[in-house]
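The values are calculated or read from the model by the stated rules, or taken from the named source; none is laboratory data. These numbers were taken from a predicted model, which means no experiment stands behind them. Note: ideal-geometry Cβ built from the backbone for every residue, glycine included; neighbour counts use all protein chains shown.
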Amino acid sequence: MIQQKPKETPTPKNVAQVAEAVKIGRAVIAEGKTKVVAVNAMYPLIKDEPREIIWKAFEEGASLTPKGAITYLYNVIKEFKKKPK
C-alpha cells in the first residue's frame, strides 16, 4: 500500500494583502453589490497567492461556499486573462 503524504496547508505569501482583500470583499458585499463585484475587487490583491488561500479569502470576503469559491476563482481568472493589459 502506498503511503500518501498529508497535504500541507499553504501559508499566504503576503498576509496583509490577503486581509486587505477580505476587508474589501466584505465592504463591497455590505454596499449591497454582488459577489462577482466583490471577487473582482479582491482578486488583483491576491492573484499571486496559492489557490487554497484565494479560495479561503473568497469564502470569508465574498460570503461564498467552498464550492462557490472554486467556481468564482475559475471565472475570475478567465475574465482577467481576457482583459487587455
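Scoring ALA69 on the criteria (1) of a type outside the set (Lys, Arg); (2) touching a residue at least 12 places away in the same chain (Cβ under 8 Å); (3) surrounded by fewer than 11 Cβ atoms within 10 Å (Cβ to Cβ) leaves a single failure, condition (3).
Let me confirm something: among PRO6, PRO10, PRO84, PRO50, which residue is touching a Pro at 6+ places or on another chain (Cβ under 6 Å), at pLDDT below 95 and loosely packed, with under 13 Cβ neighbours inside 10 Å?
Only one candidate passes the filter, namely PRO10.
Of the residues making up the stretch 28-77, those that are over 9 Å from the mean Cα position of the chain (by Cα), within 18 Å of VAL18 (Cβ to Cβ) and β-branched (Val, Ile, Thr) are VAL28, ILE29, VAL76, ILE77. Summed over the stretch 12-66, the residues that are outside any helix (DSSP H, G or I) and either without any contact (Cβ under 8 Å) to a residue 24 or more places away in the chain or of a type in the set (A, V, I, L, M) (or both) give a count of 7. With respect to being more than 23 Å from GLU8 (Cα to Cα) and not polar (S, T, N, Q), ILE54 falls outside the description.
When you check ALA21 against the structure, is it more than 12 Å from the chain's Cα centre (by Cα) and hydrophobic (A, V, I, L, M, F, W, C), yes or no?
no
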